[in-house]
Amino acid sequence: MIPPQVQASNNEENQVLSLGNICLLDGSWTASGRFSGCGWVWMDSRENIQLMGTRNFTRCESALHSEVEALRWAMENILQHSPCQSFGTDCKELIAMINDPQEWPSFATELEKIETLKICFPDFKINHVPRVRNQLSDFLAKTAKNFRRELLFIGCSIPVWLPRPPQA
């Protein structure tokens with residue numbers, strides 16, 4: 001028989017490792033590129049991919065601006081397509097911005113849009129996710145950034161006309 005305390009710690013450990021019912025997102029930017037890109041992936045409570053999105057837009061000012069745009073676009077889409085309340089990113093600066101927007105006055109306009117969207121989420125959360133767990137949204141963002149023309153895609157799987165992501 002397993003002592004109850006050991007079982008409780010195992011459950012807590014599994015919860016930390018689980019990313020279920022979360023929207024993972026990423027932005028991609030280079031100083032010389034034509035576009036910035038963003039990607040997001042919504043996974044259900046069993047970590048099955050339910051929906052994903054990728055798009056590019058005229059190159060923004062910085063890598064951090066592309067991360068903010070990725071969050072904004074992901075939030076807008078999740079509101080339309082999912083009951084998900086949790087978002088995950090590998091960008092710690094983005095989390096800091098969301099948690100304390102007054103400390104980022106140069107992003108005031110962008111953060112105001114995020115704050116407005118947050119009102120629509122009764123239990124909004126944003127958490128840091130290790131880069132290794134965020135590879136598909138990273139792939140989608142980089143693919144969009146490097147696409148040679150405008151791109152906007154939302155669907156349940158990667159379309160055949162996009163390159164395949166590297167296998168993790």
Any residue at all in the stretch 117-125 that is under 27 Å from Arg149 (Cβ atoms) and at pLDDT 95 or above?
no
Select, from Val129, Val160, Val68, the only residue that is at pLDDT below 95 and closer than 30 Å to Ser32 by Cβ.
Val160
Pick out the one residue from Trp40, Trp73, Trp29 that is farther than 23 Å from Cys156 by Cβ, touching a strand residue (DSSP E or B) at 6+ places or on another chain (Cβ under 8 Å) and at pLDDT 95 or above.
Trp29
All but one of (1) modelled with pLDDT of 95 or more; (2) surrounded by fewer than 20 Cβ atoms within 10 Å (Cβ to Cβ) hold for Glu13; state the number of the condition that does not hold.
(1)
Kindly check whether there is at least one residue in the stretch 49-59 that is buried (at least 19 other Cβ atoms within 10 Å of the Cβ), modelled with pLDDT of 95 or more, touching a His at 6+ places or on another chain (Cβ under 8 Å) and of a type in the set (A, V, I, L, M).
yes
Within the stretch 29-51, how many residues turn out to be under 12 Å from Glu67 (Cβ atoms), within 14 Å of the chain's Cα centre (by Cα) and aromatic (Phe, Trp, Tyr)?
1
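Rundown of residues vs (1) without any contact (Cβ under 8 Å) to a residue 60 or more places away in the chain; (2) more than 21 Å from Leu19 (Cβ to Cβ); (3) over 18 Å from the mean Cα position of the chain (by Cα), yes/no style:
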position	(1), (2), (3)
Cys60	yes, yes, no
Ala63	yes, yes, no
Ala70	no, no, no
Ala74	yes, no, no
Gln80	yes, yes, no
Lys125	yes, no, no
Val129	no, no, no
Phe139	no, no, no
Gly155	no, no, no
Just the residues that are buried (at least 22 other Cβ atoms within 10 Å of the Cβ) and either free of Cβ contacts under 8 Å to residues at least 60 places away in the same chain or charged (D, E, K, R) (or both), please, taken from the stretch 25-40.
Asp26
Out of curiosity, is Glu67 of a type in the set (D, E, K, R) and surrounded by fewer than 18 Cβ atoms within 10 Å (Cβ to Cβ)?
no
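The values are calculated or read from the model by the stated rules, or taken from the named source; none is laboratory data. As the structure is a prediction and not an experimental result, all values here were calculated from the model. Quick reminder, even Gly has a Cβ in these numbers, built from the backbone with ideal geometry, and neighbours come from all protein chains shown.
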